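FYI, it's all coordinate maths here, none of it is from the lab. Everything numeric here is computed off the predicted structure, so don't read it as measured data. Quick reminder, even Gly has a Cβ in these numbers, built from the backbone with ideal geometry, and neighbours come from all protein chains shown.
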Amino acid sequence: MKKKWISIALVMTLLAGILSPLAAHAEAAADKDEIKKAMDKAADYLWQKEKKAGALSPWSYIALAAAGRDLENTSVDRVCEKLYAQLKAGETNDYSTLVLTLLAAGQDPYNYKGENLVQKLQDAQLPGGKYADNVINGGEDLVNAHIWAVLALHTAGVTAEQAKALQWLVNQQHADGSFYWDAADRDTADVDSTGMAMMALGALGEKNDGPVVQKALDYLRRAQKDSGGFDSWGTENPESCNMVIQGLTAVGVDPTGQEWLKSGGNPVTAMLSFQLPDGSFSHLKNGGSSEMATQQALMALADVYYGDTLFNRLRLRAAPGTSKPLTPPERTVRFEVGRKQYMVTVGGQRQTQATDAVPFIENGRTYVPVRYLAYALGIPESGVNWDGKSRTVTLSLNGAGVKLVVGSPLICINGACRQMDVVPVLRQGRTYLPARYVAESFGFRVDWDKAAQAVIITK
């Protein structure tokens, strides 16, 4: 039984708050700067551990991606290949873990080594709604196998058969509001399983005002310790805090809110009390570094810092309810604030281009020098026109024309103008444009990597 509990704990996330100990009546809320500091320290620890050990567990790579780290120069590909070899046994949890690891690494689980892993998971759903314990042999014993399949499919962009999956999970809730990994055991209450179940409930569209979530929240309130944390098998630990924190986040509940504040702190501060000076987390108080505890704490810290679950943040834009392969972006552009270079990836080939000016943030928007932005988007030099007299920039690409005027909030696309909440500016003789408005005008998608202070543009 303990072995199965450990296998559950390997895949969950942990949340963070304030690093300093709380007084008897703790009133401190999780400070964003402190959360980021703790998150960065944990990520740095795993990063260094990977360099020394050669590889980490799959969930450590998922945690690093959740914290905003680029996995390009890691051993994640080798780890994915090892996981892929394990799929011969058909364990659904292995399929789910590989799908999530591939998504964390920016790879395509719809077409990995010629196999559609997402479809394999979808096909494992039984008539009653449960995702089978094993994609080959079936099985309806493991609640956690169902939970991880739900989360992996959600992260891959799949929304099919949600009602059946939701109803099966709801039916596993105990009378006291708890869940347990063993579907046959209706008597044992487990904090970790309940937190995991709430993650899946959130992915399936349930929020904190629904009856199944309300019952789970009531159970967790009763289970919470005076320290603000949670225990499993009679011992308080960061992994259990993680399960709860990520579960709360998934259903729209703030784990640092007043309702989760005890005399000794909240789930986040309780979790952070296990962080060691080198950034790692221990499984027990006064214990040594644990990769598992660190990866889970890192995922939770990232959820708190970004205000959303890692599953939502890693979710790819796939065709809902289909097995249509994801196609890599034709072009990916990355500008980092303050750096005199940008990266462009076309057809899988990445190039780094040097610049003599840097992007900056003003009024909540990222500005990029017009020519570098244009070239990064694939606009030829002939498609960039600057009229110094009217201070007008005109960009042309594939029949689309975008016009902006320095100091004006209007952006005109093929003659149709609309208002922006910022204006183009001149800095040291250079014209800077708001990256998002320009890129979106040409049909690009624009994302913001807060941790890296980077604009990511894809098409």
Qualifying lysines (Cα of each under 21 Å from Cα of LYS36; at least 8 residues distant if same chain): LYS49, LYS450
Cys with no candidate disulfide partner in the chain (beta-carbon separation under 4.7 Å rule): CYS80, CYS241
Trypsin sites (Lys or Arg not before Pro) within the range 50-158: DSSP coil, no more than 11 neighbouring Cβ in 10 Å: LYS113
Modelled FRET efficiency - R0 22 Å, ALA55 with THR345, Cβ distances, 0.05 increments: 0.35
Degrees, to the nearest 10: 191-203 long Cα axis against longest axis of the chain: 40 degrees
Separation in nanometres of the label points that stand 7 Å from Cα toward Cβ, at ALA85 and THR235: 3.2 nm
Distance between modelled label sites at SER390 and GLU72, nm, 7 Å Cα→Cβ extension: 3.9 nm
Rounded to whole Å, sorted largest first: equivalent-ellipsoid semi-axes of the range 207-323, Cα gyration tensor: 25, 20, 12
Degrees between helix 76-86 axis and first principal axis of the chain (Cα, 0 to 90, nearest 10): 40 degrees
With Cα atoms, 0 to 90° folded angle of helix 291-306 axis to the chain main axis: 50 degrees
Extension gain from LEU284 to ASP226, taking 0.36 nm per residue of separation minus the Cα-Cα distance: 19.2 nm
At R0 = 22 Å, FRET efficiency that the Cβ-Cβ distance of ILE413 and GLU381 yields, to 0.05: 0.60
Cα-only Debye scattering, the range 55-120: base-10 log of I(q)/I(0) at q = 0.14, 0.17, 0.18 Å⁻¹: -0.35, -0.52, -0.58
Relative contact order, percent, the chain [alpha-carbon distance under 8 Å, six or more residues apart]: 17 percent
Descending Cα extents along the principal axes, the range 136-273, whole Å: 47, 29, 25
Under 16 Å from the Cα of LYS37 - aspartates and glutamates, other chains or at least 8 residues apart: ASP278, ASP303
Charge dipole (debye, nearest 20) of the chain; +1 at Cβ of Lys and Arg, -1 at Cβ of Asp and Glu: 1660 debye
Convex hull of Cα atoms in the chain, direction-averaged projection (nm²): 23.6 nm²
Potential extension, GLN214-ASP308 segment - 0.36 nm per residue separation minus Cα distance: 31.9 nm
Linear extension gain, GLU140 paired with ASP447, 0.36 nm per residue minus alpha-carbon span: 106.6 nm
Net charge over other residues, Cβ less than 12 angstrom from the Cβ of ASP176 (K, R count +1; D, E count -1): +1
Average Cα contact separation per residue, the range 347-399, under 8 Å, 6 or more apart, as relative contact order %: 20 percent
